[in-house]
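Chemist: Below are the structure tokens for one structure; questions will follow.
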Amino acid sequence: MSSFSLKEMEIRLTLSNGTFGPGNTKVITKLACEASIQKPGLPDFNKASIKIWGLRYNDMAKLTTLAFRPMENRNNRVAVFAGDASGLSQVFTGEVTTAHAVYGNARDGVFVIKATTGSYPVQMAAGPVCVKGSAQVGDIIAQQAKTMGYAFKNEGVTGSLSNTNIDG
């Protein structure tokens, strides 16, 4: 026998520049939302296509990307949480690659966000890393993450590299 339970979604949008009012993160609840999430595994990145109905025009304007500026890195982020009344779990986090409003017959339109996990770090220019002698892999990755402005948590990696060069 199947049972029905009301599902809930929460979307958190974070601006790298600017604010939504009191802060740079907008938490969206109680609006009609749809999220299609793909987690194909390496070498592809996780992807999400998110639609939000009823979002304020000012909020949409702050997040909109411009089609004539492809590959523009605005470094805005999105996190999607899903669940039910007993609690929400984070199901996606990533960087906004495109965002735009679609107006048709709907009075308020729909805001469409495309996001990919890891797309901003791939676009970042980074210098080479040269290891003379031996170095722990976790230490090398932690330094690269710090350079890009990301946090790194070592989940038990204990390997090391010896006398190697890693291109930027």
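Chemist: Check Lys51, Lys30 and return the single one that is among the charged types (D, E, K, R) and under 13 Å from Val112 (Cα atoms).
Modeler: After ruling out the rest, the residue left standing is Lys51.
Chemist: Quick test for you: out of Val129, Val137, Val157, pick the one residue that is open to solvent by less than 100 Å² (accessible area, probe 1.4 Å) and in contact with an Asp or Glu (Cβ under 9 Å, 6 or more places away or on another chain).
Modeler: Result of the check over Val129, Val137, Val157: Val129.
Chemist: Can you pull out the strands (runs of 3 or more DSSP E) entirely within the stretch 1-90 that have at least 2 residues that are loosely packed, with under 15 Cβ neighbours inside 10 Å and modelled with pLDDT of 85 or more?
Modeler: Per the criteria, 25-28, 33-38, 47-53.
Chemist: Let me ask another. With the condition kept exactly as written, say whether any residue in the stretch 93-100 is open to solvent by less than 70 Å² (accessible area, probe 1.4 Å), assigned to a strand (DSSP E or B) and among the hydrophobic types (A, V, I, L, M, F, W, C).
Modeler: Looking for residues that are open to solvent by less than 70 Å² (accessible area, probe 1.4 Å), assigned to a strand (DSSP E or B) and among the hydrophobic types (A, V, I, L, M, F, W, C), one finds at least one in the stretch 93-100, hence yes.
Chemist: Within the stretch 100-128, count every residue that is modelled with pLDDT of 80 or more and among the hydrophobic types (A, V, I, L, M, F, W, C).
Modeler: 7
The values are calculated or read from the model by the stated rules, or taken from the named source; none is laboratory data. Just so it is clear, the structure is predicted and the values come from calculations on it, not from any experiment. Because the Cβ atoms are built from the backbone with ideal geometry, glycine has one as well, and the counts that use them run over all protein chains shown. Just the protein is used for accessible areas: all its heavy atoms, side chains included, with ligands, DNA and RNA removed. Shrake-Rupley method; radii C 1.70, N 1.55, O 1.52, S 1.80 Å.
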